[in-house]
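The values are calculated or read from the model by the stated rules, or taken from the named source; none is laboratory data. No experiment lies behind these values; they were computed from the predicted model shown. Reconstructed Cβ throughout: ideal geometry from the backbone, glycine too, with neighbour counts over all protein chains shown. Accessible surface areas use protein heavy atoms only, side chains included; no ligands, DNA or RNA. Shrake-Rupley method; radii C 1.70, N 1.55, O 1.52, S 1.80 Å.
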Amino acid sequence: MKGVVLISGSGSNLQSIIDNASIIDLKIEAVISNNKDAFGLQRAQKSNTPTHSIDHKSFSSREKFDQRLSQLIDQYNPDIIILAGFMRILTAEFTQKYTGKIINIHPSLLPKFQGLNTHQRALDAGEKEHGASVHFVTSELDGGPIIAQSSVEVLIEDTVESLAKRVLIEEHKLFPKVIHWYTQGRLKLSGSNATLDGKIL
Ligand code: GRF
């Protein structure tokens, strides 16, 4: 299957997808960033993947940025759009256009801690467990149907950095696994549920 990956930063999740691409039957057609300095763009170039950056600040509205993004994505006619640390809120127009084809990884055990600063918030809340979730993207920020989660124990001595590091290790395993379900045609969005082999997740 053909995928387009959207990033904004370091791209360590992108790297795990690149490293597993042949195993998970994914051809990464392009990597697109809203931040031209995203280190992930260098990772993509190293693997000879076409890259694009579109600076959201040069658009007068969120709608106009999303329209440009969508135009670019459509050039590649992808089967799946993968948000791997893409730090932009997408318009409903955009998410609805690609319903069932966009997935996102989020660093919390959703529905807990939607939005930013998830590790700090998990520590502040005294959570015993924290982790990451992969979900289908809908117009509700971090609110679409959850596909899979991976958890880590929160340790007394944890800092934001140490916790983020352990969660990222889980993300790098979880995301390729879920993408593989999708490329195998096993994972679908059915109404408001994610299903695997026809069973609600
Ligand atoms: C990850 O924690 C991901 O869950 C979140 O943003 C971070 C991106 O990290 N959406 P990286 O750019 O993949 O290293």
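Quick look at the values:
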| item | result |
| --- | --- |
| Phi to ³J(HN,Hα) by Karplus 6.51 cos²θ - 1.76 cosθ + 1.60 over the stretch 110-116, Hz, x for Gly, Pro | 4, x, 5, 6, 5, x, 9 |
| Ratio Rg/Rh [Cα only; Rh per Kirkwood] for the chain | 0.95 |
| With eigenvalues of the C-alpha gyration tensor scaled by 5 and rooted, the stretch 105-201, Å | 26, 14, 10 |
| Mean residue ellipticity (222 nm) of the chain, computed from DSSP H runs ≥ 4 via -39,500 (n - 2.57), nearest 500 | -10500 deg cm²/dmol |
| FRET E, pair residue 42, residue 87, Förster distance 25 Å, beta-carbon r, rounded to 0.05 | 0.90 |
| The stretch 34-87 shape via C-alpha gyration tensor axes, a/c threshold 1.5 | oblate |
| Carbon + sulfur, % of accessible area of the stretch 9-54 - ligands and nucleic acids excluded, 1.4 Å | 47 percent |
| Residues residue 129 and residue 54, FRET efficiency given R0 of 35 Å [Cβ-Cβ distance, rounded to 0.05] | 0.40 |
| Subset of 36/199; 27/165; 2/36; 64/177; 64/128 violating a 31 Å alpha-carbon distance limit | 36/199; 64/177; 64/128 |
| For peptides 93-103, 31-41, sequence by mean Cβ density within 10 Å, most packed first | 31-41, 93-103 |
